Structure formats: structure tokens, C-alpha cells
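For reference, the structure is listed below as C-alpha cells.
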Amino acid sequence: MNKTRGYRILALFILVVLCIIPATWAAGTLDYTTTYTITLKDDGTALWNVEYRTPLANDSDISTFENYTRDLDSIYLPEIESLMKNSAAQAAAGTARQMTVENFTGNAAVQTNPTGKFGVVTISFYWTHFAVPDDGLTVGDAFVGGLYLSKDNTLIIQYPSGYIVSATEPAPDQQGSNALVWYGMRSFGAGEPNIVLEKTAFPPVPVVAGFVIIVIAVAGLIMYRRKKHDPLPSASAYSPEEPDDPSPPLSEADRIGVEDRILQQLRANGGEQFQSDLVKVLGIPKSTLSSTLNDLHQRQIIIKVKKGRENLIRLAEEPR
């Protein structure tokens, strides 16, 4: 047997061997559909789930289904395990990549839903190094001779979150969230279906949104605690009238001259004026004006009245 012919036999071998149980149903005239679901992992391992589903129209169908699945664990599952191990060995030889199939489980049950009763058999196992992890995942070379889906067969290949499909051959019949779907009847060529998956550069939107929400919440909490424990200074604690341009001390004559100018300006303005306006009108440095006003206030010649964030200067001996 040459290598190419061996690969072709393997292509049929992988899916046909999984039809051992349906073959027994055929003798009992039970129709069935088959769904192959291959779930990829980041390390290239694939979880295979093969589901056979047949409608059970009457008690005779139920009896037939139960009779043929009674030997699932003792006969059919060991046969499938043996055949799939041979298939993985052939695929490993064709890809030069070590492969194993392991952890086989089988389950049979009668299920009832609104459309009727169904007999369902599920075979599951893991296939290591099924895909090639390399800055993404590449799938297909394990199907060295291609695949064939008969009528009423479905192939589903699921991939992990954080990946996008950059190429697939042939194109799927349906593409959903992290899943590619092909329906029978159809044939795949050697190494097909071939899928190239790339890792996304950014985390999924829900993760980003969650991170932003956390950042906003933390920032809000910090601002709340800061306002609670470090309130803004009140108008009395901060006044723009305080000097910010210290000047040299005045002589006695200069001090009296400044006092006279202040008192004259207050009398000309009805007996009161804001300190900031006195600075502008008289052209006196803030520090000089502030120290002079403090001296006049101590001698009870003027009164300082707080008005918001400013000081209103008022003559003490004259009515407002």
C-alpha cells in the first residue's frame, strides 16, 4: 500500500470508525444524524464530541435503541478507542508530530423534548497535538487524506476566545461565535478543512469595558475620600487681599502719607471700598496697603468686613 493510498484510507477511517454504533442501528432500521464537534485548546489539544441522534417514534424504537446501546461501554467504546488510536498514529506519521488519543467516555440516553423522543449516544475523547500552536493555531494537517461528510452529518470546529479566523479552506457553511460549521453531503481535500487562527491584539470588549469601569470607580472613590478628609479652604482661610509682594518698611512720614491717601479715598467713595479696589486706585503695593490697613484697624480707625473672598474696608467714624 503506497503512502497516498494510506492517507486516503485514513481519511475515511477517522469518521467511518465512529459509525460503529449507527451500523448496528441500521440493522434495526433506526435512522440517525451525526454531529462531530471538535473543540480546540490553546496548546493544540482537541476535545472531540461525536453525537448520534435518532428519533424514537414508538416503544419498539425505544426497545431497539436500548438493546443496541446496552453494550456501549463493554463492546463499542473499546472498539472505537482502538481504531481511533490507530488513526492518531497514522496522522502522527503523516505530520511528523507526536499524537495521542485518550480519556474515552461514552453515554447513551433517551431524551424527550417538544418535538418528540430521541435516542442520543455521545462519544468523547481528547486528541493531543491535533492543532499546531504558533502565535495562533493552525488546524487541518491531522486530516492527512481529507474528510467526507455524508447526508445528515455536521462538522463543528470551535476555537478559544481571543482568536480570530484569518483563513479557512474551504469556507464554512456557517460561522458563529468562535465556531465554524460545515454540513454534509460534502468531501474535503487532503489537509482540509484547513483553518488558520490568529491571536487578537487586544482583549475582548467586555474585558476592556470592565477594566474602564473599575478605573472610573477607583478614581471616584479617591476623589470622594479626598473631599471628605481634605475639604477646600473656606473664604476665611484664603483671601486674595493678603500681600504677595513684600515691600521694604516705610518711614514714619511715608506711612502717614499712605494712611492719609487711604482715608481720603474711603471718604470720597462714601466711607467704604473693597481692598482690591484700593490697590488699583491708589497704586500702592499689596503688602504696603495690607500692613497699613492692619495698623488702621488696630487703632479702630477702619473696620474690615469679610465679603465672600474679599475684604470690605469701612471707615469706623463715619456711617455706611
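No value in this document is a laboratory result; all are computed from the given coordinates. Computed from a predicted structure; not experimentally measured. Note that each Cβ is placed from the backbone with ideal geometry, even for glycine, and that neighbours are counted across all protein chains shown.
One table, with the values for the structure above:
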| quantity | calculated |
| --- | --- |
| Phi-based couplings in Hz for region 80-94 (Karplus 6.51, -1.76, 1.60; Gly and Pro marked x) | 5, 4, 5, 5, 5, 5, 5, 4, 5, 5, 5, 5, 5, 5, x |
| Cα convex hull of region 252-315, projected area averaged across orientations, nm² | 4.0 nm² |
| Whole-Å distance, taken between Cα centres, linking region 146-205 and region 35-90 | 21 Å |
| Relative contact order [Cα under 8 Å, 6+ residues apart], region 35-144, whole percent | 37 percent |
| Computed lengthening from residue 316 to residue 148, 0.36 nm per intervening residue step minus Cα-Cα distance | 49.8 nm |
| Charge dipole magnitude, Cβ of K and R +1, D and E -1 - region 31-189, Cα centre, debye nearest 20 | 160 debye |
| Extension reserve of the residue 58-residue 83 stretch, reckoned as 0.36 nm per residue once the Cα distance is removed | 5.7 nm |
| Full-extension gain in nm, residue 100 to residue 309, via 0.36 nm per residue minus C-alpha separation | 67.1 nm |
